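Written below as structure tokens is the structure these notes are about.
The values are calculated or read from the model by the stated rules, or taken from the named source; none is laboratory data. Keep in mind that what you see is a predicted model, and the values were worked out from it rather than measured. Cβ placement follows ideal geometry from the backbone for every residue including glycine, while neighbour counts extend to all protein chains displayed. Note: accessible area is taken over every heavy atom of the protein model, side chains too, but ligands, DNA and RNA are not part of it. Shrake-Rupley method; radii C 1.70, N 1.55, O 1.52, S 1.80 Å.
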Amino acid sequence: MSLLDDYAEYQSTSVHRNSDVGQGPSSSFSGNATSGVGALASDTDGFITTTLDAEDAPIFSLDTVQFQVPNKIISLSVSNDILVLVIEGAKVLRIKLQEAHNIVEADIPLSPTSLRACNVFLDPTGRHLLLSTPQGENFYYYEGWDSAKPLSKFKNMEITAVAWNSAAWSTANLPSSSTTRTILFGTHDGKIYETELRPGTGDAKAKRSDLPVKCVAELPVRERVTGIAMEPFPARRKQHLVLIATGTRIYQVIGAAADLESRSNDRLAVFESMLREGLTAPNFQEIPGMPGPGALAVYHCETRLNGKSTAVATDFAWLTSMGVFFGKLTFGAQEASDSVVENASLLPYPSPADIDGAVVEQPSSLALTEFHILLQYSDRVCALNMLSSKLAFEQSLSGHAGEQLQGLLVDESKRTCWLFSPASIYELVVTDEDRDVWEIYLQRRQFDSALQRCYNDAQRDVVLRAQAEHYFSTGDYVRSAECFAQTSVSFEEAVLRFIALKDNRVLKSYIVSKLRTLRRQDRTQIALLVTWLLEIYLSMLGAVDAKIAALATSAISNGSGEVSDAVLEQAPRKQSSGVLATANGRAPSSPPEITSEQEKLELQKELYSLVEEFKSYVDPSTAYQLAESHGRRDFWLHYASLRGDYERVVEYWMEKEDYIRAIEVLGHYGTPEAFYRYSPLLMSAEPEALVEILMRQPDLTANKLIPTLMRNEEGTLAGRPNQAIRYLRFCIQKQMCRDPVVYNYYLMLLIKESRDDDESELMSFLTTYGKDMLYDPDYALRMCKRYGRIQSCVHLYSLLKLYEDAVDLALKQGDIELAQIHAERPQDDDKLCKKLWLNIAQHVIKSSEPASVVMDLVRRSNRLGVEDILPFFPDFTCVDDFKDDICVALEDYEMQIQDLRGEMDEATRTAETMQRDMTSLKNRFAILNAEETCQICSQPLWVRQFYVFPCQHSFHSDCLTRRVVGACNRVQRRRIHELQSQNVEIAKMRRQLRLNPLLAGAGGRARATNGAATKESDEQLELQLRRAKQQLDALVAGECVLCGEAMIKSISEPFIDVSDQTSAGAEEGSWAI
């Protein structure tokens, strides 16, 4: 079994790679075999320097892998971090580089001495292995098998090249993916076969494998197939490119595959139709002369396609007898007979460096990296740069005398390169192979590509300087300025260089680009540059305006609309970079004028974008001064709007007497303070537009706008609606304003605007808002009196409860109906209502109205009678006019008297009935047994004073009193205690009063007098005692405590009083079982 050195100890040490393989340290198998691809980073800025320091690793270094091979190595293959060795003795060693200590060994079913050479092909997943001997014996090995299986259907064919299917790569890491999909392979006799490698369910123990195979094509010239590749089009997955290489030719076959997912035995193979058609009229490149090695290599680059990472073939290389033929692969809309190869060239093989005039040896194999072609000779390995076509690396095996390299292989998944000889394995470590690519692109003047490959700012600076100088020398000053702004060239040097050109357009481009390179913290520099740019832009706009004016003047003077050549020569030409396609709303009269208008629009757009981005860095006073000095009021307005300095904008439009625009600015950006400040003047000029805007501002306070509204009151024209009333109505009805000042002012305006014959709006307002007293009725009354609004005055008198004044004013104006309405207002005072109606009747009578009118008034009032108004008629009034009414009144009186007599009789009968009931109550009794007990204490009832209720419940008076006191409220409890105390006091007083005559002794007349007084006092005390007992009985014995309301209210009380621990304990014990 083979042995491995201690890889962990080797990995933990830092190894300096030396270019001499014989003297330098060696490499071991490791999990990160891609150690040569990492970028070198600086400790300070994250980039590498422009020159290669002594301690930096070379781009290529050849290391010997510390691995003791049991026998001579026949062949080697590597893929997906898995290395497979075929050694003498017919053995296969499979090594996972991530687990280098774990080596799997498998047998090849051949005689150990018969296997001397073979071709080994490992699929990109590292699972499937195909072995082919020169004798035409072929074997298939799958990971985990103990031995390789002979392929019974692959007899007498030597497999020389295999094209793996990339459709299987995306599912390589899935456990269920155990097939290579459809693959192609070429043989020594120029035939192309198609097959699919998959381990069958029983193949692990079977002695041979019966994988199907089919010949799908044969080369027009019978040659050994030295290389084959199958690449799908990135955007057209069914369209494929098949490259077939021989010693003298390389074929391109493009077409659509039949089906990559499945195929049946009775159908054509997937690529058969495509290959047969493509090779019938082949598209090939032929290198004349002797056949070359013919090895083919394709480089794949990871590309994002539809959100997924996909490996796309980008470069190819082919070994010929005259050199390396290489080029780019560009996939697009190519069809059959088209070519995907671009920029192809033939690079001669390099001569050995230590032998002058030596015969150039042809390499035996090659590999591709991103920028280099690796060539493997028998005794050395070299690398050619594909961009510069120069030798970038060459390493010989000088320390291994007699040892010859046999192969060069690349693990595309890990980007590692491997070589092998019969006794050793080597790793070609690639470190930052693109570190010098930027210089090559720079020499070719491919500046964009060079910038993409720069590692640090120093390299970028070199490229940008060269690019800037190149543009400057070719006269492209604008692009030169943009490049200079990104270099380390001093600002002063560059500015002086561009000022000398006397072209503001170039200077502007440089300053704008320089501005983009500054940090936000560089406020001073940004402010200076932006200010300078403002000056440049304003100057350029002025020049363009002068040019437009000159063109217009020339067109008018010529009369034909054509511009003279003299004017065009005099017009400024150094700012002629217009790019827009429209003018300022004006029909162009000539092509030069169109260009000037477009240039002006473009400059304005750039200027506005500049100040918008850097508005916080510009000094406002400086910007305003620049705009005024150049007469650019349009920029002045734009900058003020951008800064939110809308008061300046409003003042500007008001100064120009363009009040509509001022109102529009206020409506969009105005603050409440701005409205309060500018509204008075705007109200005088454009009241309708201003009020329309005011009604859209919810944050305004209406009482602060009263001075503004007063301006409209002063300037209101006849026939035009008062806008102040309109706005105040909106505030009151829509915004629900409750400020009394607003209501009073609105009321005053309504009073002024109302007419004597139409007070409907005023009355509506007084009626709606008078209930909450949101306005001052006294003030309203004064204003109504001043302007003669009688109906409103009457309403306000009623609102102030001055009903007599309201009725008198209505009568004074002769409005009887209005007086009648307000006579009914004091609804709770019938006496006042009757008085008001009498005043109205008296006024009607004094007005010499017919008696019928007066009687209609009496009937309408429902409060007056004929007898009430008779005193107001003159003495000689004819009664005949209202005789019927008098008769009706007398009949009513008679009916009322009869009703009163009936009520008196009913009251008498009710009194008699009550007297009888009271008499019967005095004689009511109850029959009690001698054994009757108190319902509360269960003691005999007869031992003490007691109460008996109609429900036959009986209680001792003291027991009932205690029960009632415990259940009643605090007021009743206090009253019961007071009555009990009063009874006791009265009893004591009566006892004392009765003892006084006995203590006074004998004495004739005096004793008689005292006796009479004592008797009288005793009667009074007895009366008091009786009253107290009646009140006490009413409180205590008003109802039975067991079946009355008190018992119903006690339903929520618990049966056991928890506060009384003794009774609670006894009660609880009584329930014990």
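Observations on the structure shown:
- Subset of region 144-159 (residues that are open to solvent by less than 20 Å² (accessible area, probe 1.4 Å) and outside any loop (DSSP other than H, G, I, E, B)): Lys149, Leu151, Ile159
- Scanning region 798-817 for residues that are under 60 Å from the mean Cα position of the chain (by Cα) and without any contact (Cβ under 8 Å) to a residue 40 or more places away in the chain turns up at least one hit.
- Summed over region 752-772, residues that are part of a loop (DSSP other than H, G, I, E, B) and over 18 Å from Leu728 (Cβ atoms) total 3.
- When restricted to residues that are at pLDDT 80 or above, of a type in the set (Phe, Trp, Tyr) and either within 20 Å of Pro826 (Cβ to Cβ) or open to solvent by 30 Å² or more (accessible area, probe 1.4 Å) (or both), region 767-796 contains 2.
- Residue pairs whose Cβ atoms lie under 8 Å apart, sitting 6 or more positions apart in sequence or on different chains, and linking a residue in region 1027-1041 that is under 18 Å from Pro950 (Cα atoms) to a partner that is polar (S, T, N, Q), are Leu1035/Gln972; Val1036/Ser957; Val1036/Thr961.
- A search for C-beta distances below 9 Å between a residue of region 929-948 that is over 22 Å from Gly1038 (Cα atoms) and any residue that is hydroxyl-bearing (Ser, Thr, Tyr), counting only pairs 6+ apart in sequence or on different chains, returns Gln939/Thr933; Pro940/Thr933.
- Residue ID - surrounded by the fewest Cβ atoms within 10 Å (Cβ to Cβ), chosen from residues in region 927-967 that are modelled with pLDDT under 85 and in contact with a Phe, Trp or Tyr (Cβ under 9 Å, 6 or more places away or on another chain): Ala930
- Looking only at region 98-143, and only at residues there that are at pLDDT below 90 and within 19 Å of Gly407 (Cβ to Cβ), the one that is surrounded by the most Cβ atoms within 10 Å (Cβ to Cβ): Leu115
- Of note, Glu673 satisfies the criterion of being exposed (fewer than 15 other Cβ atoms within 10 Å of the Cβ) and out of contact with any strand residue (DSSP E or B) (no Cβ under 6 Å at 6 or more places or on another chain).
- Filter result for the condition that a residue is modelled with pLDDT under 85 and either touching a helix residue (DSSP H, G or I) at 6+ places or on another chain (Cβ under 7 Å) or surrounded by 11 or more Cβ atoms within 10 Å (Cβ to Cβ) (or both), over Arg1007, Arg975, Arg1027: Arg1007
- Restricting attention to region 673-702, the residues being within 23 Å of Met736 (Cβ to Cβ) and free of Cβ contacts under 8 Å to residues at least 40 places away in the same chain number 15.
- Residue count for region 380-396 satisfying the condition of being farther than 13 Å from Val324 by Cβ and of a type in the set (Gly, Ala, Ser): 3.
- Picking from residues in region 925-950 that are touching a strand residue (DSSP E or B) at 6+ places or on another chain (Cβ under 6 Å) and aliphatic (A, V, I, L, M), the one that is nearest to Arg962 (Cα to Cα) is Ile936.
- Filter result (within 25 Å of His300 (Cα to Cα), modelled with pLDDT under 90 and not aliphatic (A, V, I, L, M)) within region 199-238: Pro234, Arg236, Arg237, Lys238
- Residue match in region 423-433 (condition: of a type in the set (Phe, Trp, Tyr), over 30 Å from Leu296 (Cβ atoms) and open to solvent by less than 50 Å² (accessible area, probe 1.4 Å)): no
- Failed item in (1) open to solvent by 60 Å² or more (accessible area, probe 1.4 Å); (2) more than 30 Å from Lys1049 (Cβ to Cβ), with Arg990 passing the rest: (1)
- Flag for Leu184 being closer than 28 Å to Thr246 by Cβ, among the aliphatic types (A, V, I, L, M), assigned to a strand (DSSP E or B) and open to solvent by less than 10 Å² (accessible area, probe 1.4 Å): yes
- Of the residues making up region 485-529, those that are among the aromatic types (Phe, Trp, Tyr) and within 23 Å of Gln459 (Cβ to Cβ) are Phe491, Tyr510.
- Among the residues of region 203-212, the ones that are open to solvent by less than 40 Å² (accessible area, probe 1.4 Å) and within 60 Å of the chain's Cα centre (by Cα) come to 2 in all.
- Hey, Glu272 open to solvent by 10 Å² or more (accessible area, probe 1.4 Å), within 16 Å of Ala163 (Cα to Cα) and touching a Lys or Arg at 6+ places or on another chain (Cβ under 9 Å) or not: yes
- Screening Ala392 with (1) small (Gly, Ala, Ser); (2) in contact with a Leu (Cβ under 8 Å, 6 or more places away or on another chain); (3) open to solvent by less than 40 Å² (accessible area, probe 1.4 Å); (4) not in a loop (DSSP other than H, G, I, E, B) gives one miss only, at (3).
- Residue among Arg729, Arg782 that alone is under 29 Å from Pro698 (Cβ atoms), among the charged types (D, E, K, R), outside any loop (DSSP other than H, G, I, E, B) and out of contact with any helix residue (DSSP H, G or I) (no Cβ under 6 Å at 6 or more places or on another chain): Arg729
- Pairs meeting the criteria (first residue in region 968-988 and closer than 16 Å to Gln1030 by Cβ, second residue open to solvent by 40 Å² or more (accessible area, probe 1.4 Å) and not in a helix (DSSP H, G or I), beta carbons under 7 Å, at least 6 apart or on different chains) are lacking.
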